[in-house]
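The values are calculated or read from the model by the stated rules, or taken from the named source; none is laboratory data. Remember, predicted model here, so these are calculated numbers, not experimental data. With ideal geometry, Cβ positions are generated from the backbone for all residues, glycine too; neighbour counts draw on all protein chains shown.
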Amino acid sequence: MWDLLTHPSNLIFSVCICLLFFFALLEVFLLLAGGGSQGILDQFLPDDLIPHKDVEVNIDGSSGLLIQFLDWLYIGRVPLLIWLIIFLTLYGLSGLILQSVLFQWTGQYITAWIMAPACLFLSMPLVRYSAMLIARILPQDETTAIYSDELIGRTATIILGVATPNSPAEAKVQDQHGLTHYILVEPEQDESFQQGQSVILTGRTKIGFYAMHLN
């Protein structure tokens, strides 16, 4: 067992287990102190993963894919410290267990350069479903998060630039909760919107919204 934990090919998994105990003790300490991990590490999350914050609507293609992947992993839906404990547990144990089984078959450990990314790939679905289970168990705060499609039909105000077809300008709009979102707007028809002008959002584009003049 000691050889399994200290072998160079397994050190990354052993370090994960050590970090697991550290974070678990930190969580227990925070709970005994009358708090919890909520907010301790969550402040480092991207704003799009914190639904209770008043943030800009960000639907840029490249960053959107990253946000979707992090959301798929349930990062932001459970306290980040809890998510790290789940990840370290499953990643560290999957690596050690797999290395132990392979050692029984082959008499040697597979190099960490192969096992580390392989176990990362294999453990991600387990991390997701474990975080999903924890998210259902933990008490949830009420949220004012909305889907960007819910902004369609609302009045926005151009605040920066001139919006023309295929050349959007920055605008601001309030949702049903009174929160302000900053978005990109371009005309749905062959017209232009000037700074300070109010428009009606009519649909989604790849990077923002279509709009029409406010009658």
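Those residues that are on the phi < 0 side of the Ramachandran plot and surrounded by fewer than 14 Cβ atoms within 10 Å (Cβ to Cβ), I need them from region 101-130; list them, please.
Result: Val101, Gln104, Trp105, Thr106, Gln108, Thr111, Trp113, Ile114, Pro117, Phe121, Pro125, Tyr129.
Need pairs with beta-carbon distance below 6 Å; first residue assigned by TED's automatic domain parsing to the domain that holds Gly161 and within region 189-215, second of a type in the set (Lys, Arg); sequence gap 6+ or separate chains.
Leu201/Arg154
Within region 82-95, identify whether any single residue is in contact (Cβ under 8 Å) with a residue 40 or more places away in the chain and either assigned to a loop (DSSP other than H, G, I, E, B) or not assigned by TED's automatic domain parsing to the domain that holds Leu25 (or both), and answer yes or no.
Within region 82-95 (the criterion being in contact (Cβ under 8 Å) with a residue 40 or more places away in the chain and either assigned to a loop (DSSP other than H, G, I, E, B) or not assigned by TED's automatic domain parsing to the domain that holds Leu25 (or both)), the answer is no, since none of the residues qualifies.
Filter region 175-188 for residues that are in contact with a strand residue (DSSP E or B) (Cβ under 7 Å, 6 or more places away or on another chain) and free of Cβ contacts under 8 Å to residues at least 60 places away in the same chain; which is farthest from Pro165 (Cα to Cα)?
My answer is Asp175.
Is it true that some residue in region 131-141 is surrounded by 14 or more Cβ atoms within 10 Å (Cβ to Cβ), farther than 28 Å from Ala24 by Cβ and among the β-branched types (Val, Ile, Thr)?
no
List pairs: first in region 1-27 and in the same structural domain as Ile86 (by TED's automatic domain parsing) and farther than 13 Å from Ile97 by Cβ, second in a helix (DSSP H, G or I) and not hydrophobic (A, V, I, L, M, F, W, C), Cβ under 6 Å, 6+ apart or cross-chain?
Leu20/Thr89
If we scan region 142-157, do we find a residue that is within 19 Å of Gly208 (Cβ to Cβ), basic (Lys, Arg) and out of contact with any Leu (no Cβ under 6 Å at 6 or more places or on another chain)?
Scanning region 142-157, I find no residue that is within 19 Å of Gly208 (Cβ to Cβ), basic (Lys, Arg) and out of contact with any Leu (no Cβ under 6 Å at 6 or more places or on another chain), so the answer is no.
Check Thr89, Thr155 and return the single one that is modelled with pLDDT of 90 or more and under 30 Å from Arg204 (Cα atoms).
Thr155
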